[in-house]
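Below is one structure; the comments refer to it alone.
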Amino acid sequence: MLDENLQLGDSGNNVRILQEKLRILGFYNAIITGNFGLSTEVGVEAFQRQYGLEETGIVNDEMWRLLFELTEIPYASTFSNYPTLSLGSSGSYVRELQRKLKTLLYYTGDINSFFDIETQTAVKRFQFHNNLTTTGIVNNQNWEVLNTLYGTLNECVLDNIDDNYITYIVESGDTLYSIARRYNTTVDALKNLNNLTDNTLSIGQVLFIPSNNASTPTTTYTVQAGDTLYSIAQRYNTTVDAIKSLNNLTSNTLSIGQILQIPTINGSTSTITYTVQAGDTLYSIARRYNTTVDAIKSLNNLIDNTLSIGQILQIPTDNENTSTITYIVVPGDTLYSIARRYNTTVDAIKSLNNLIDNTLSIGQMLIIAI
């Protein structure tokens, strides 16, 4: 319950809460701004008039109490065992909250059982989109709405696999086969876990992926200019969450020279990233990297042999002892200086990138064996 009197000219989060509650009750239809302007005052006066309060345009304790009574439905009989959660809370209920918010696409962080700023932001986003007061505090009303939206999932199944799965959001080009291959599982395992009756996926769909509790093999990567967690995850055929978890990262911020451990899938085919250049064909690329056209098409979900200049391809490699990075040429670089920096040779770089001379251009992307 709020005890701050509000009137024309005030601003802040309490004004935002006032506007949201007036909107829920139909007395405010403008944008939620957090500024007590004329439209807010008109809504307050209309509310006061409707409910027999003194029509002052000022929000006092009596009006606050009535606003909360009308909008904060207790639902105690249904969710009496659910605690109120707020910033700093921790435990299994926070874990459940994060898991459900993540499934509903409001939360993108780690499921760590701690109610942090990232969780609070997700809660506020959930509240705002579902006509709830954006306090960032999860009460009985929030649990009711959350569980109603989440109710299509089988909670009994989720409870049994709580520590043995991760969530994945389907992206453009994904197939069950490509996802299963990325996470070292099978199509049947994915279909059984997600109660799928066919192989059809939709962009934005949330899938549960069985995780492997065995020790995960890793490779070491040094962050370079322009790198992001997303670009690194794509390059190594993994996910942002997997990299963050392995390196105990609490945000997506990286610094040049930072050392990361990158998870790799044991027994799977390693890949490198290749940018299509003028004159390239699937056949010429496959021949250059000692693979096949079908293998490249399968890995990249290509339906024909058409390529476009600048297109990014993942190329399968069979050499388990060879790792590669993508390097972007900067002013002053030469093939010799790059070769020295990565303890390789000029000829090796030229061969890997199909270069016919030593000329480089700023911004050019090179594949470097490390």
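Each reported figure results from applying straightforward, stated rules to the coordinates on display, with no laboratory input. A quick note: this is a predicted structure, and the numbers were derived from the prediction, not measured. Please note: Cβ atoms are built from the backbone with ideal geometry, for glycine as well, and neighbour counts cover all protein chains shown.
Some points to look at:
- The order of S11, S39, going from fewest to most other C-beta atoms within 10 Å of their C-beta, is S11, S39.
- Each residue in R341, R288 was given a count of other beta-carbon atoms within 10 angstrom of its own, and listing them fewest first yields R341, R288.
- Summing charges over neighbours of Y327, with a neighbour being any other residue whose Cβ is under 15 Å away from its Cβ, gives +2 when K and R count +1 and D and E count -1.
- Couplings 3J(HN,Hα) for region 179-194, derived from phi with the Karplus relation 6.51 cos²θ - 1.76 cosθ + 1.60 (θ = phi - 60°), are 5, 4, 5, 5, 9, 6, 9, 10, 4, 4, 5, 5, 5, 5, 5, 9 Hz, where x marks Gly and Pro.
- For region 341-358, 3J(HN,Hα) per residue [Karplus equation, 6.51 cos²θ - 1.76 cosθ + 1.60, θ = phi - 60°, Hz, x = Gly/Pro]: 4, 10, 6, 10, 10, 4, 4, 5, 5, 4, 5, 5, 10, 6, 8, 9, 8, 9
- Fewest-first ordering of E96, E118 by other beta carbons within 10 Å of each residue's beta carbon gives E118, E96.
- Karplus-derived 3J(HN,Hα), 6.51/-1.76/1.60, for each residue of region 14-21, Hz, glycine and proline x: 5, 5, 4, 4, 4, 4, 5, 5
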